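One structure is given below, encoded as structure tokens.
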Amino acid sequence: MPDNASNDWLEVAKTRAQAIRAALGGIGVFVTCVLVTVFGQIRQFEVDRKAEAITACFVGDEPSESGQASPARSPACPAVADWGILQAAYEEFPVQKIDAELTPWNQFAVESTIIGSFVEGTDPKKFEGLADPEAKLVWLLAEASSKTPLKPGTTSEISHFYLHLKDFDSNVRSVEGALNAKTPFESLDRDQIIALVKAYAFNLDHGDVQGEYAAQGLANPTFLSELNRLRPSVLNAEGHPIMEDRFVQTLKDGASLRLLTTLRQQLMGTDLKKFQEPDSAEIEKLLQFLTITPFASLNAEQNEDVRLNLQMNAILNGDANSAINLPLLNFSVDLSAFAYLSGFLNLAFLGWIFWQAQQMDYASNRYMKFSDADGTRIEAALQGLPGSGTWNLLSRIGLALLVTMPTLLGTLLLFEPLWLSKPGKFHSSTLLYLILPAFVFILSLALVRFIQVSNRRALDVPREPQGSPSATT
């Protein structure tokens with residue numbers, strides 16, 4: 001043998017020992033990934049449960065496929081009937097009737113607010129003869145109203161009504177836009193749903209009613225007569241009346257408008273029972289829920305509710321078709337596939353480690369037969385393997401369990417629902433599913449024992465005298 005033959009055998013033993021440590025470390029990483037995944041699924045279940053409590057608010061209390069009623073709704077959820085009323089209001093939205101009444105009322109309210117803000121408490125003599133067009137307009141309006149002066153607070157009343165009417169008009173237009181786009185009710189976005197709720201819940205309060213009457217009282221016959229008389233005398237730079245005919249016509253038409261009919265009142269004329277006056281507390285609860293809850297559409301939330309329920313059931317019941325995503329490894333596998341794959345991979349790992357252990361045992365024994373063999377060097381080469389230190393029975397069992405863990409986890413994930421699905425009816429025959437993990441554990445225990453014995457044999461081989469036949473082979 002060449003002089004460096006002993007070093008060659010030492011390197012072989014060292015390489016095999018490194019391969020064994022890497023394999024055992026790889027199994028440890030794999031087991032850690034699976035455990036992290038299991039705990040991650042538990043956390044995911046809690047996240048899904050909280051998200052489902054919100055998505056369930058967009059779904060009716062329909063019985064499940066198993067015939068059981070759905071879980072109790074969260075107290076923060078609006079009533080199921082609210083969605084039905086809103087859908088009916090949207091599908092029966094009286095676009096033409098609303099427009100026919102809302103459009104002239106909106107124009108009249110705007111101009112009444114402008115007039116009231118110009119003439120209340122204004123002295124027309126202050127603006128007489130001024131060339132500024134705005135001053136001319138103020139003078140015209142103030143002069144025309146001098147025979148019927150506004151009572152204090154009229155402008156405030158009209159503005160109160162106009163601001164509420166403007167908000168109602170904005171919500172109605174938003175709903176009409178969705179209708180014109182032929183958007184199904186389930187596909188309405190969050191802003192459109194809120195607009196629909198506000199439009200349906202809109203009601204004239206006492207201040208609004210006063211503002212309605214004040215606006216109509218402002219456009220009285222005397223005021224309109226004076227306005228028409230003075231209008232041609234107040235000209236702009238081009239020599240035309242500073243106030244157009246349509247402005248005066250709007251006031252004239254608006255003065256005879258009936259009181260505004262709200263959307264709900266329009267719908268009540270269609271079906272009184274279906275569109276009865278909503279409970280103010282319930283409407284407030286619905287608006288609060290919609291305001292603080294981000295969502296894309298009812299349809300999207302209903303689909304998300306189905307997905308969350310499926311995912312939670314898969315996690316809770318250990319569905320063999322559900323997937324686990326192994327962290328670090330960036331690998332996703334179905335539970336059933338994982339259960340079978342882990343067992344085969346575990347056996348393949350054991351076989352590979354056995355082969356490495358046999359090669360290490362042979363190489364370390366050959367090295368220790370050389371006269372220049374150093375027990376300290378072989379001990380350093382085999383450091384970290386079972387048997388290189390103090391390994392009692394419990395230590396060997398613990399390592400064997402670690403090596404067996406992929407098969408054991410795969411079996412538990414696959415068959416745990418079978419064992420726990422019917423409490424009180426556990427059948428001992430189902431323990432047969434643990435035969436494979438038990439077999440792998442016995443092999444692992446034997447492997448750990450073999451490595452331990454091999455290490456001790458290598459370190460305890462008696463030194464043979466230099467020049468002996470065995471030392472030169």
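The values are calculated or read from the model by the stated rules, or taken from the named source; none is laboratory data. Given the structure is predicted, the values throughout are model-derived calculations rather than measurements. Here the Cβ is made from the backbone with ideal geometry for all residues, glycine too, and neighbour counts use every protein chain on show.
Miscellaneous remarks
- Counting only residues that are free of Cβ contacts under 8 Å to residues at least 24 places away in the same chain and among the polar types (S, T, N, Q), region 200-217 holds 0 of them.
- Any chance Gly60 is at pLDDT below 90, touching a helix residue (DSSP H, G or I) at 6+ places or on another chain (Cβ under 7 Å) and part of a loop (DSSP other than H, G, I, E, B): yes
- Region 114-135, residues that are of a type outside the set (A, V, I, L, M, F, W, C), at pLDDT below 80 and in a helix (DSSP H, G or I): Pro124, Lys125, Lys126, Pro133, Glu134
- For Leu290, the conditions (1) part of a helix (DSSP H, G or I); (2) surrounded by fewer than 18 Cβ atoms within 10 Å (Cβ to Cβ); (3) in contact (Cβ under 8 Å) with a residue 40 or more places away in the chain; (4) not basic (Lys, Arg) are fulfilled apart from (2).
- The listed residues are Leu140, Leu204, and the only one of them that is assigned by TED's automatic domain parsing to the domain that holds Thr250, aliphatic (A, V, I, L, M) and not in a helix (DSSP H, G or I) turns out to be Leu204.
This table checks each residue for (1) at pLDDT 80 or above; (2) in the same structural domain as Ser454 (by TED's automatic domain parsing); (3) not in a helix (DSSP H, G or I).
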site: Asp361; (1), (2), (3): yes, yes, no
site: Ile378; (1), (2), (3): yes, yes, no
site: Leu385; (1), (2), (3): no, yes, yes
site: Thr390; (1), (2), (3): no, yes, yes
site: Pro406; (1), (2), (3): yes, yes, no
site: Thr411; (1), (2), (3): no, yes, no
site: Phe415; (1), (2), (3): no, yes, no
site: Lys422; (1), (2), (3): no, yes, yes
site: Leu434; (1), (2), (3): no, yes, no
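- Residue check, Leu259 assigned by TED's automatic domain parsing to the domain that holds His206, in contact (Cβ under 8 Å) with a residue 12 or more places away in the chain and exposed (fewer than 14 other Cβ atoms within 10 Å of the Cβ): yes
- Taking region 164-199 as the range and being within 24 Å of Val110 (Cβ to Cβ), surrounded by fewer than 22 Cβ atoms within 10 Å (Cβ to Cβ), touching a residue at least 40 places away in the same chain (Cβ under 8 Å) and touching a Phe, Trp or Tyr at 6+ places or on another chain (Cβ under 9 Å) as the test, the residues that pass are His164, Asp169, Glu176, Lys198.
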